[in-house]
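Colleague: This structure is in structure tokens; I'll ask about it shortly.
The values are calculated or read from the model by the stated rules, or taken from the named source; none is laboratory data. On a predicted model such as this, the values are computed, not experimentally measured, just so you know. Cβ sites come from the backbone with ideal geometry, for glycine too, and all protein chains shown count toward neighbours. Ligands, DNA and RNA are excluded from the accessible area calculation, which covers all protein heavy atoms including side chains. Shrake-Rupley method; radii C 1.70, N 1.55, O 1.52, S 1.80 Å.
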Amino acid sequence: MFDMEEENNNLRLPSGFRDIFPVESGERNEIKKIIDHEFRSWGYGEVKTPVMEYTENISIGVGRDWKNKLINFIDMDGSLISLRADMTIPIARLAGMRVREDQLPARFCYFSDVFRQAGSQAGNKRVYSQAGLEFLGSKKRLDADSEVLMILIRILRALGLDGFRIGQGHIGFISGLFDWLRLDGGGREELKNYIVNKDFVKIENFLSRTDSGKAKIFMGLMQPENDIKKISGIVSDIGEESVSSVFDYLKNLYLMLEEQDYGKYLLFDFSIIRDFDYYTGLLFEVYSEGMTGIIGSGGRYDGLIKKFGTDMPATGFALDIDILHGALGGNNLAGGKKIMLSCPEGPDNGAGLIGLADKIRGLDIDVEILFDDVKNSRELALNKNCRFLAEASAGLTNIKVIDLGSGNSSLKSIDLFLKGLEKWKKN
């Protein structure tokens with residue numbers, strides 16, 4: 001749809017950015033509508049933050065490597081400012097500066113674009129459309145983490161996404177394993193980087209230089225697993241208190257979700273380490289069949305907001321609308337009901353068509369009027385995601401209705417046409 005026959009090489013977008021046409025935009029808006037409904041039903045209110053902030057603020061908690069991924073500018077006063085690279089840090093800044101302790105707990109949600117530098121390789125994007133939430137200030141960490149995961153699961157179910165799984169890990173679990181391996185600071189940082197990049201060959205090579213027995217156990221824990229008893233046995237054999245306590249937390253979280261019949265969506269995946277430095281506890285990622293990208297991710301970041309002011313625990317997640325849209329494949333995302341209305345035999349019936357279109361809109365049905373005489377109005381209506389093509393007679397007394405789904409057509413009076421639309425809308 002809307003493809004150019006010949007690309008104009010003199011007109012191009014900056015690398016990593018793209019245009020979005022109406023049908024895809026409509027589908028993405030339907031996704032956001034479903035997500036927004038779930039957010040609001042749990043009491044989350046939308047917040048908006050500036051697209052740019054001082055680089056020193058955005059750099060808090062992003063990690064050394066991430067500073068190279070910020071898109072930076074010089075402000076009029078010479079200050080260094082950056083496009084936001086995620087939404088958690090701006091919301092943490094907002095909460096630290098603006099939210100009082102007597103306003104806690106607070107539940108915020110957002111629909112925003114974030115921006116990151118990318119390599120020169122074709123296809124690397126620099127703008128990410130996200131929907132997410134942040135649950136701030138609740139000291140009942142297990143309950144708060146459970147709520148966040150429940151909302152995430154209900155959103156994915158409401159969207160009709162099949163075959164998704166949520167891998168859950170924990171910063172403390174990996175840290176405990178590092179203690180068990182007796183790694184120094186440099187070794188921890190090196191191994192962490194390998195885990196972040198999922199470079200299992202380098203992980204295994206690194207561990208082979210320490211203890212071969214522990215290396216085998218560690219590599220086994222890097223594979224996703226849904227058998228709690230199996231992991232419990234491994235954790236028991238490790239015998240590291242910090243590892244055991246973290247696993248108990250994750251196990252209790254799993255049992256809380258299992259009470260809602262959501263345990264089937266969960267995997268234990270201890271290879272999850274986010275490349276933002278602000279995470280302090282639970283980590284999770286959403287995977288889906290046929291998709292190489294991560295649909296969403298999140299976790300707990302209890303120490304971040306204190307850097308901006310008020311100290312408060314926090315947990316949340318972000319969904320990638322681009323990847324989520326790809327996973328859904330556009331199925332059942334057409335949104336509302338839409339008709340293309342024309343009058344091919346009456347070129348001077350513009351005012352009459354507008355009046356008829358308003359009657360249809362009164363039934364809460366979208367109408368696009370085709371004033372022009374085009375070669376293939378049926379194909380145009382299909383491209384514009386219409387369900388029916390309605391061609392009125394010159395006097396606007398009768399109307400030919402073409403069902404673009406089945407290909408069937410019928411001739412009706414205007415009154416019968418409107419009554420039929422009313423019944424269609426209800427169904």
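Colleague: Of everything in the range 352-386, what is open to solvent by 30 Å² or more (accessible area, probe 1.4 Å), under 35 Å from the mean Cα position of the chain (by Cα) and among the β-branched types (Val, Ile, Thr)? Give them in sequence order.
Modeller: Ile369
Colleague: A further question follows. With the requirement that a residue be outside any loop (DSSP other than H, G, I, E, B) and more than 15 Å from Trp424 (Cβ to Cβ), what does the range 342-360 give you? Show your work before the answer.
Modeller: The initial filter retains those residues of the range 342-360 that are outside any loop (DSSP other than H, G, I, E, B), namely 342, 350-360.
Matches in the range 342-360: Ser342, Gly350, Ala351, Gly352, Leu353, Ile354, Gly355, Leu356, Ala357, Asp358.
Colleague: Among the residues that make up the range 316-323, is at least one of them open to solvent by less than 30 Å² (accessible area, probe 1.4 Å), of a type outside the set (A, V, I, L, M, F, W, C) and under 17 Å from the mean Cα position of the chain (by Cα)? Before the answer, list the steps.
Modeller: Of the residues in the range 316-323, the ones open to solvent by less than 30 Å² (accessible area, probe 1.4 Å) are 316-321.
Adding the requirement that they be of a type outside the set (A, V, I, L, M, F, W, C) leaves 316, 320.
Now narrow it down to the ones that are under 17 Å from the mean Cα position of the chain (by Cα): 316, 320.
Checked the range 316-323: at least one residue is open to solvent by less than 30 Å² (accessible area, probe 1.4 Å), of a type outside the set (A, V, I, L, M, F, W, C) and under 17 Å from the mean Cα position of the chain (by Cα).
Colleague: Kindly indicate which of Ala118, Ala95 is surrounded by fewer than 21 Cβ atoms within 10 Å (Cβ to Cβ), of a type in the set (Gly, Ala, Ser), touching a residue at least 60 places away in the same chain (Cβ under 8 Å) and farther than 29 Å from Leu221 by Cβ. Can you show your working first?
Modeller: Details: Ala95 fails: surrounded by fewer than 21 Cβ atoms within 10 Å (Cβ to Cβ).
Ala118 is the lone residue from the list that is surrounded by fewer than 21 Cβ atoms within 10 Å (Cβ to Cβ), of a type in the set (Gly, Ala, Ser), touching a residue at least 60 places away in the same chain (Cβ under 8 Å) and farther than 29 Å from Leu221 by Cβ.
Colleague: Which of the residues spanning the range 64-92 are buried (at least 20 other Cβ atoms within 10 Å of the Cβ), of a type outside the set (A, V, I, L, M), touching a helix residue (DSSP H, G or I) at 6+ places or on another chain (Cβ under 9 Å) and touching a residue at least 40 places away in the same chain (Cβ under 8 Å)?
Modeller: Once the filter is applied, which keeps residues that are buried (at least 20 other Cβ atoms within 10 Å of the Cβ), of a type outside the set (A, V, I, L, M), touching a helix residue (DSSP H, G or I) at 6+ places or on another chain (Cβ under 9 Å) and touching a residue at least 40 places away in the same chain (Cβ under 8 Å), the range 64-92 yields Asp86, Pro90.
Colleague: How many residues are in contact (Cβ under 8 Å) with a residue 40 or more places away in the chain and of a type in the set (Phe, Trp, Tyr) if we restrict to the range 363-410? Before you say what the answer is, go through the steps one by one.
Modeller: We begin by selecting, within the range 363-410, every residue in contact (Cβ under 8 Å) with a residue 40 or more places away in the chain; these are 363-365, 380-381, 383-396.
If we keep only those that are of a type in the set (Phe, Trp, Tyr) too, we end up with 388.
Number satisfying all stated conditions: 1.
Colleague: Let me ask something else. Considering the range 189-199 alone, what residues qualify as being within 21 Å of Val246 (Cα to Cα), open to solvent by 10 Å² or more (accessible area, probe 1.4 Å) and at pLDDT 85 or above?
Modeller: Start the filter on the range 189-199 by keeping residues that are within 21 Å of Val246 (Cα to Cα), which leaves 189, 191-192, 195-196.
Filter again for open to solvent by 10 Å² or more (accessible area, probe 1.4 Å), leaving 189, 192, 196.
Selection gives Glu189, Lys192.
Colleague: Only one of (1) modelled with pLDDT of 90 or more; (2) under 25 Å from the mean Cα position of the chain (by Cα); (3) not aromatic (Phe, Trp, Tyr) fails for Ile74. Which number is that?
Modeller: (2)
Colleague: Do we have Asn349 as polar (S, T, N, Q), modelled with pLDDT under 95 and open to solvent by 50 Å² or more (accessible area, probe 1.4 Å) here? Before you say what the answer is, go through the steps one by one.
Modeller: Details: polar (S, T, N, Q): yes; modelled with pLDDT under 95: yes; open to solvent by 50 Å² or more (accessible area, probe 1.4 Å): no.
No, not satisfied.
Colleague: May I pose another question? Does at least one position in the range 173-188 carry a residue that is surrounded by fewer than 21 Cβ atoms within 10 Å (Cβ to Cβ), outside any helix (DSSP H, G or I) and either among the charged types (D, E, K, R) or modelled with pLDDT of 95 or more (or both)?
Modeller: yes
Colleague: Residue check: is Leu389 open to solvent by less than 30 Å² (accessible area, probe 1.4 Å) and either outside any strand (DSSP E or B) or of a type outside the set (Lys, Arg) (or both)?
Modeller: Judged against the criteria, Leu389 is a match.
Colleague: Find all pairs meeting these conditions: Cβ atoms under 8 angstrom apart; at least six residues apart or on different chains; first residue within the range 10-26 and free of Cβ contacts under 8 Å to residues at least 40 places away in the same chain; second residue of a type in the set (Lys, Arg) and open to solvent by less than 50 Å² (accessible area, probe 1.4 Å).
Modeller: Cβ pairs passing all conditions: Ile20/Arg28.
Colleague: May I pose another question? Acidic (Asp, Glu) and at pLDDT 90 or above: is that true of Glu147 in this structure?
Modeller: yes
Colleague: Between a residue in the range 149-161 that is in contact (Cβ under 8 Å) with a residue 24 or more places away in the chain and any residue that is crowded, with 19+ Cβ neighbours inside 10 Å and in a loop (DSSP other than H, G, I, E, B), which pairs come within a Cβ distance under 7 Å, given they are 6 or more apart or on different chains?
Modeller: Met150/Tyr262; Ile153/Tyr262
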